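Notes follow the structure.
The values are calculated or read from the model by the stated rules, or taken from the named source; none is laboratory data. None of the values given here were measured: they were computed from a predicted structure. Glycine also receives a Cβ, built like all others from the backbone with ideal geometry; neighbour counts cover every protein chain displayed. Please note that ligands, DNA and RNA were not included when accessible areas were found on the heavy atoms of the full protein model with its side chains. Shrake-Rupley method; radii C 1.70, N 1.55, O 1.52, S 1.80 Å.
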Amino acid sequence: MHAVVGIWTRDEQHRDEQNRLLHEEVVPLAKGRPGFVCGFWMHDPETGKGHTTTIFDTRESARDFKTLVESRSQRAAQVGVTSDILTTVEVVADAHAASQPNAG
Amino acid sequence: MDEDVLVGRAGELAGFDGRLAGARERLGGLVLVEGDPGVGKTALAHSVIGRARRAGMRTAWGACLEGEGAAAYRPWVQILRELGESGSALLDPLDPALGEAGSRFQLFDNIVETLRAAADERGLLLVLDDLHWADVPSVRLLQALAAAAADSRLLGVGLYRSREAFRYAELADMLRAIMRERATSLVTLGVLAPAEVAELAARALGRRPDETLLRVVQQRAEGNPLFVLELLRLLAASGPIGTWPSGNLRLPDTIREVIGRRLDRLPPATRQVLRHAAVVGRDVTPALLAPLAQMPPDRLSDLLDPAMSAEVVQLTDAHALRFVHALVREVLYAELPTAERQRLHLRVANTMQAAQAATVSVDALAHHLRQAAPIGDADEALKVTRAAAMRARNQLAYEHAAFQYGQALGLLPLLPGGDALRAELLLELARCQFRAGAVEDAWRTCRAAADVGRAMGDATAVADAAIVLQGVEFVNSPVSAQIHAMCLEALTMLGSNEDPVREAKVLAQLALTADPFAGESDPAVSQRALQLSEATGNTEARFLALLARHADGTNVLERLSIGERAIQLGQASGLDEYAAWGHTWRLGAYWELGRRSQIEAELAAFARVVGRLREPLWTWRLTMMQATLALFEGRFDHARELADEALEIGLRGGHQAGGFIHMVFSAERALLTGTGLDEAEAAVRRIVATRPFKSRIWHAYLLAGMGRLDEAAGLWPATIPHVSSLPRQAPEWLITMAACARVCAALKDHATAGLVYDALQPYADRQIIATAHSPGYGPATLYLGMLAALLERWDAAEGHLRAALAVCKAMGSPPFEAMTHVELARLLDRHRPGDATADDHLDAALRIARRLGMTPLHDLVLALREARRHSRAAVLTAREEQVAALVAEGLSNRQIASRLGLSERTVENHVAHILTKLSFESRARVAAWFTARQREN
């Protein structure tokens, strides 16, 4: 598996628009991508930064998703979100709680 | 009279024969010929052309035009057309999509290659006449040719007037620079000697001149051939010398006067027509002259006949009329009163505008409209002048465009409401000045534009003035503080969200010009610029924001991401320069992370982009990056060759930092090889005296590395306070900390070592490097290890140094691997004096030092081994020395006991003591140690 990992700067003034964009566009978009496994969109209240991890079954799927995200940088910037870091990485281990069907 | 005769130039012609022969043997170059008006420069060049043709060489001629109506690159377009090339490379506007990012170096390179190719078969002689009237871009192209002609079959000849103001002041400096090229020579044409004047007069008259006449001519003409010939014509027209009315024939004092006096003899109507022609230029077509003179062509022809007979004008191959010498036109033009000139210029402009647009030179039309503007249409003059400026800009003829914008500004007082255009024109002028490399002029013009903007409450003018000067080279420069202040003012004037593209650019500029030492750096500014620019999608604003974000010294992973975005931006926009920056940033980040294979992949991608850009600055960066890698790998000779090559490229491209980076490189190489240390130290000493005090850390580092500890200690106390004040985001932070570590270790400065250790500790996984094109210092753990050892944090020191050793091996850096071995040996020697692995490290360091030629390290290792040998010798007793010697011979305890007359048990005890004292684990190590010591002795 491969993950698209991002760290994002978020302008607090656009919080509502960011949340709407995230839930109405970004998450459905990711879920609909080929090879999507799971995704996490996180917020660090200490730094105000956003952290994202979106996991795909293959390197190609992850790279395609990263390219898609990059192509939408203008849309993101319009609601005050810019990427600090966006990269694809290989998942070398994973674990899940025992109650999960695919527990590792 | 035959004025084609060339008298008194045998020496010069012989010199040219040599240069022509050399050119045919691929020893081409450039000859500049300077001399007063009328001294015979053009005649000499014609003679050289004849000789070249007789030798089978191709020839081409390009002339610069007097006055302000000539287009950029005119002489070069003439030359290219004569050679069968279209000249379109210089004439056709650039792809508008590329805007100002077009590369003039690339353009010039293409032209030079075309000319070299044209010269390749038979040799080629090019003549550029009247360079004192040249547009600046034409002389820059000549400069490029002079640099590239040395190994070609191409000989250029440039003619210009000495002792006369150039059309553009910078031409004098540029010609001086051209003269410094190795294959350029200068010929100064002097006046003729009296005997040569006599010979010239005899040839011109077809008989030996009367002695009185000759004396008169010799005294008046002062050896100037044109003056001689004009005077002879004048005097010949005055009748035999004996018939001159006594006292009535006042002889002219200057060459211009003699021309005027000769023109006096023409019919008044002829002279009037010639004055009209002089308004057009040195060459004028009858089609243009007839309407100008307001007479039918046949009448015009009648009037010009006396001028042809008097050899004032002649017909060219293209059936145009040409003044025989530029001075003739100058004399006639000077005779016209201002109002008459303006009327005639207006008539020329009207005639040109009535002609077909394709045949009209926009520069010439703009010139005539400007001259006529006080009585004509100043609006039209401004419009056409701006069109000429834009055309020059598209031709990458920035100096010429700047000239046109300057002229446009001069028209504003003639226009009602013209001041409303002042800021805009000033900004256009500033952009051209900046692109032409005239940074100070550009900034002065920006300030003038901002003054106008301020007075008119025009925020965009102030904002645009603040962002004309772009590029990282202005960071920390004297103007950066002024630009920074203007950015702040512009942002206040702009307000928020009114003009996001401008605001983003100004924010990026604000971040780029912040002084980190003054606490002006605020990462939020570049972040805001990035967000705004990305929201607008404006390519230029996005790149500026990425540049600012990178300069803010963000963390290494973010720099990788920023680099990737710049590459993507470059690919999407077709602007390779953006991609080149992106690769540079990623290379810096990968170097810092010590990612060897990624460095190589990125370097290969960067090289491809640089290959397309073909700009000296980028080629310099690439070559320095290759030199840095070679130095890191211990390929010292190759590293030096590459660095020298880079220096040459950088200097040729006018890159100011090229010399400084070469010096940094030379100093580092000297420290590693021991070659050129004193020269490097002297150069560093000189440069740090002119730079901020913190740069003395570098000097102390160098002195410490050279073993000049007293001098390093003398510098060090005053520099210590600067160690902690260096802002972390400064690109030189890591390298400065490593330098400090080395000085601390050398001077045993425990207090500063603690500070530096704590500062460096978070970067333990990094390589010490400032940029990918300047030499690195190896892994951070090497310096952390030195510091920890000094602080007697033994375990930490050993951990750091072992990590450094592994990194050096993984990165493929034998020089830093050797240095790490030495530090490990020193550490073990101090911490575990008997630990024989210290010897292994010294052996490993010695092998590398010998193989690579690292003389200072080699000598240090030998000294350390000697010191260890002495300390070990002192450790063993005399009896233990005897036992160790026999162990080294391979004897068993029993045999040793027998040899020494001791019990076997006693020998066992001695051997045990030896192993303990030397921290060896086996007899074999004792044997190896003893044998090695014997060999050294």
Margin query: Could you go through the range B:624-646 and let me know if any residue there is touching a Lys or Arg at 6+ places or on another chain (Cβ under 8 Å), without any contact (Cβ under 8 Å) to a residue 12 or more places away in the chain and surrounded by fewer than 22 Cβ atoms within 10 Å (Cβ to Cβ).
Written below: no
Margin query: For the range B:275-298, which positions are closer than 19 Å to B:Ala339 by Cβ and either more than 46 Å from the chain's Cα centre (by Cα) or free of Cβ contacts under 8 Å to residues at least 12 places away in the same chain (or both)?
Written below: B:Leu292, B:Ala293, B:Gln294
Check: Going through the range B:866-882 one residue at a time, which ones are open to solvent by less than 50 Å² (accessible area, probe 1.4 Å), part of a helix (DSSP H, G or I) and touching a helix residue (DSSP H, G or I) at 6+ places or on another chain (Cβ under 7 Å)?
Finding: B:Arg868, B:Arg869, B:Arg872, B:Glu880
Next item on the list: Could you pull out the residue among B:Leu902, B:Leu918, B:Leu862, B:Leu852 that is at negative phi, crowded, with 17+ Cβ neighbours inside 10 Å and without any contact (Cβ under 8 Å) to a residue 24 or more places away in the chain?
Entry: B:Leu902
Next item on the list: Kindly indicate whether any position in the range B:743-753 is touching an Asp or Glu at 6+ places or on another chain (Cβ under 9 Å), aliphatic (A, V, I, L, M), crowded, with 23+ Cβ neighbours inside 10 Å and under 30 Å from B:Thr623 (Cβ atoms).
Entry: no
Check: Among the helices (runs of 4 or more DSSP H) contained in the range B:445-555, which hold 2 or more residues that are more than 24 Å from B:Lys694 (Cα to Cα), within 14 Å of chain A (Cβ to nearest Cβ) and not charged (D, E, K, R)?
Finding: B:500-512, B:523-536, B:539-551
Check: Does the range B:306-318 contain at least one residue that is modelled with pLDDT of 90 or more and open to solvent by 10 Å² or more (accessible area, probe 1.4 Å)?
Finding: yes
Checklist line | Residues located in the range B:480-503, provided they are touching a Lys or Arg at 6+ places or on another chain (Cβ under 8 Å) and more than 18 Å from B:Val452 (Cα to Cα) | finding: none
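Residue-by-condition table, conditions (1) modelled with pLDDT of 95 or more; (2) under 30 Å from B:Gln407 (Cβ atoms); (3) small (Gly, Ala, Ser):
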{"site": "B:Asp441", "(1), (2), (3)": "no, yes, no"}
{"site": "B:Cys446", "(1), (2), (3)": "yes, yes, no"}
{"site": "B:Gly457", "(1), (2), (3)": "no, yes, yes"}
{"site": "B:Val472", "(1), (2), (3)": "no, no, no"}
{"site": "B:Thr492", "(1), (2), (3)": "no, no, no"}
{"site": "B:Ser496", "(1), (2), (3)": "no, no, yes"}
{"site": "B:Gln527", "(1), (2), (3)": "no, no, no"}
{"site": "B:Gly537", "(1), (2), (3)": "no, no, yes"}
Check: Where residues in the range B:559-599 are farther than 21 Å from B:Ala780 by Cα, among the charged types (D, E, K, R) and away from chain A (no Cβ under 14 Å), which of them is least open to solvent (accessible area, probe 1.4 Å)?
Finding: B:Asp576
Next item on the list: Mind counting the residues in the range B:890-906 that are farther than 17 Å from B:Ala927 by Cβ and not in a helix (DSSP H, G or I)?
Entry: 3
Check: Identify, please: which residue in the range A:59-71 is open to solvent by less than 50 Å² (accessible area, probe 1.4 Å) and either more than 14 Å from every other protein chain (Cβ to nearest Cβ) or touching a residue at least 60 places away in the same chain (Cβ under 8 Å) (or both) and is, among those, nearest to B:Ala535 (Cα to Cα)?
Finding: A:Val69
Margin query: Considering only the range B:450-464, I want to know if a residue exists there that is within 27 Å of the chain's Cα centre (by Cα), open to solvent by less than 40 Å² (accessible area, probe 1.4 Å) and of a type outside the set (Phe, Trp, Tyr).
Written below: yes
Next item on the list: Return the only residue of A:Val37, A:Val89 being within 13 Å of the chain's Cα centre (by Cα), away from chain B (no Cβ under 14 Å) and modelled with pLDDT of 95 or more.
Entry: A:Val37
Next item on the list: Residue by residue through the range A:1-24, note down the ones that are away from every other protein chain (no Cβ under 14 Å) and either surrounded by 14 or more Cβ atoms within 10 Å (Cβ to Cβ) or touching a residue at least 24 places away in the same chain (Cβ under 8 Å) (or both).
Entry: A:Met1, A:His2, A:Ala3, A:Leu22
Item checked: Residues of the range A:72-86 that turn out to be small (Gly, Ala, Ser), more than 7 Å from chain B (Cβ to nearest Cβ) and over 13 Å from the mean Cα position of the chain (by Cα), as a count -> 0
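Rundown of residues vs (1) closer than 21 Å to B:Ala45 by Cα; (2) surrounded by 19 or more Cβ atoms within 10 Å (Cβ to Cβ), yes/no style:
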position: B:Val136; (1), (2): no, yes
position: B:Ala177; (1), (2): no, no
position: B:Arg182; (1), (2): no, no
position: B:Leu200; (1), (2): yes, yes
